[in-house]
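As structure tokens, the structure follows; a few thoughts come after it.
The values are calculated or read from the model by the stated rules, or taken from the named source; none is laboratory data. Every value quoted in this text rests on a predicted model; they were computed, and no experiment measured them. Neighbour counts are summed over all protein chains in view; Cβ atoms, including those assigned to glycine, are modelled from backbone coordinates with ideal geometry.
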Amino acid sequence: MRNQFSLIIAAFCLMWVSTQAQAQAVKRGEAAKQGKTAQASKAAKVSKAAKVSKTAPALKAGKVFRDCPACPDMVVIPSGSFDMGSPDSEDGRDDDEGPVHRVNVAAFALGKTEITRGQFAAFVKKTKYSAGEQCWTHGGGKVEERVGNWRELGHAQDDKHPVACINWNDAQAYAKWLSRTTGKKYRLPTEAEWEYVARGNAATARYWGDNPDEACGYANVADATGQAQIRGASSWSVHKCTDGFAYTAPAGSFKANAFGLKDMLGNVWEWTEDSYHDSYKDAPVDGSAWQGDGAKRVLRGGSWNNSPRIVRTAVRNSYKPELRYSFFGFRLARKLP
Ligand SMILES: [Ca+2]
Ligand SMILES: [Ca+2]
């Protein structure tokens, strides 16, 4: 009887040991599985991180990139807020520069310089696009509509100069083509985006400060050079300095602003996406384009033939989208990523 009891106890013990061993084996298996899952999820995270780090440098504010060898250099612009427009106290202010309003701009990329003549020529060569045969150009002391276009605008230019005699429709056509060839979304900047970048966080009238006579280190404007070389320019109101260029300068010849952009003021006027409204009352505050009837589109930044009053960050110009002048050009924005 005692022996029988001992046997039963021993059998129970064996069963318990075996169950425990099985349970531990199952646990080990699960742990192994979990380990695998954890490893897999870690791997997923790493691969996601790797993906992020692959695109992250492209999104870093200030980074310059290009979507193809002949594409324009683009600068990553960080999101931010700024006060758009000029205060009543600004010298030379126009009524359409107010009311000053806070605008939030999402991150995007903007061309480091204006689109060059060489870049536009590549587009025309590929597409046979016609950018017209009439342009308002300087000559004989007057600005008149003459036979001419971006190839022949009344003064010498090489491929590095900003393309000029460009109307709003021409700029749209180029943006469409560049989007098609790169698979990226290129477009004109909105007026708010343009001013946000041109200010470079500066509340002063110009990104280098308030003094127009310091322009010559930062922008190609109406200066002593133009006054000496251009017929009829002796009566111009010019910046009291010498920038070395009577007409256009090669794109990117002057110092960059705080966002790393060049020629935001001066060289050629730049078309924006927006329809013109003569006040900022009810203007969008999210950085989007302010659409309207499209009868006139906004140009910003002034050009090589403009006086100190015009070469200010807040100045707004507007023309019919079909008009071409030898001091109108553009730069492009691009959606990120
Ligand atoms: Ca000049
Ligand atoms: Ca410009």
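Here are the numbers:
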item: Positions within segment 210-235 being in contact with a helix residue (DSSP H, G or I) (Cβ under 9 Å, 6 or more places away or on another chain), of a type in the set (A, V, I, L, M, F, W, C) and more than 9 Å from ligand 1 (Cβ to nearest atom), in sequence order; result: Ala228, Ala233
item: Cβ-Cβ under 6 Å pairs, at least 6 apart or on other chains, segment 85-111 side over 26 Å from Val75 (Cα atoms), far side assigned to a strand (DSSP E or B); result: Asp96/Arg316; Val100/Asp83
item: Test set (1) more than 13 Å from ligand 2 (Cβ to nearest atom); (2) buried (at least 24 other Cβ atoms within 10 Å of the Cβ); (3) hydrophobic (A, V, I, L, M, F, W, C) - Met264 fails condition number; result: (1)
item: Residue that is farthest from the chain's Cα centre (by Cα), among those in segment 202-211 that are assigned to a loop (DSSP other than H, G, I, E, B) and farther than 26 Å from Trp271 by Cβ; result: Asn211
item: Some residue of segment 212-219 being surrounded by fewer than 16 Cβ atoms within 10 Å (Cβ to Cβ) and part of a loop (DSSP other than H, G, I, E, B); result: no
item: Condition broken by Lys262, with the remaining ones in (1) closer than 26 Å to Gly139 by Cβ; (2) in contact (Cβ under 8 Å) with a residue 24 or more places away in the chain; (3) not aromatic (Phe, Trp, Tyr) satisfied; result: (1)
item: Residues of segment 135-150 that turn out to be surrounded by 14 or more Cβ atoms within 10 Å (Cβ to Cβ) and away from ligand 2 (no atom under 16 Å from the Cβ), as a count; result: 9
item: Exclusive hit being modelled with pLDDT of 95 or more and within 15 Å of the chain's Cα centre (by Cα), set Ala109, Ala121; result: Ala109
item: When residues of segment 191-225 are limited to those that are away from ligand 2 (no atom under 16 Å from the Cβ) and in contact with a Gly (Cβ under 6 Å, 6 or more places away or on another chain), the one nearest to Val238 (Cα to Cα); result: Thr225
item: Members of segment 234-255 found to be without any contact (Cβ under 8 Å) to a residue 40 or more places away in the chain and among the hydrophobic types (A, V, I, L, M, F, W, C), listed by number; result: Cys241, Phe254
item: Extreme residue, surrounded by the most Cβ atoms within 10 Å (Cβ to Cβ), among residues of segment 267-302 that are closer than 20 Å to Glu90 by Cβ and within 16 Å of ligand 2 (Cβ to nearest atom); result: Gly302
item: Filter result (crowded, with 16+ Cβ neighbours inside 10 Å, farther than 20 Å from Thr204 by Cβ and out of contact with any helix residue (DSSP H, G or I) (no Cβ under 9 Å at 6 or more places or on another chain)) within segment 74-108; result: Met74
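Table: residues versus (1) among the aromatic types (Phe, Trp, Tyr); (2) closer than 30 Å to Gly92 by Cα; (3) out of contact with any strand residue (DSSP E or B) (no Cβ under 7 Å at 6 or more places or on another chain).
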site: Gly148; (1), (2), (3): no, no, no
site: Glu152; (1), (2), (3): no, no, yes
site: Trp168; (1), (2), (3): yes, yes, no
site: Ala173; (1), (2), (3): no, no, yes
site: Lys176; (1), (2), (3): no, no, yes
site: Arg180; (1), (2), (3): no, no, yes
site: Arg187; (1), (2), (3): no, no, no
site: Trp194; (1), (2), (3): yes, yes, no
site: Val197; (1), (2), (3): no, yes, no
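Results for (1) of a type in the set (Phe, Trp, Tyr); (2) farther than 20 Å from Ser318 by Cα, shown as yes or no for each residue.
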site	(1), (2)
Arg93	no, no
Val103	no, yes
Leu110	no, yes
Lys126	no, yes
Trp136	yes, no
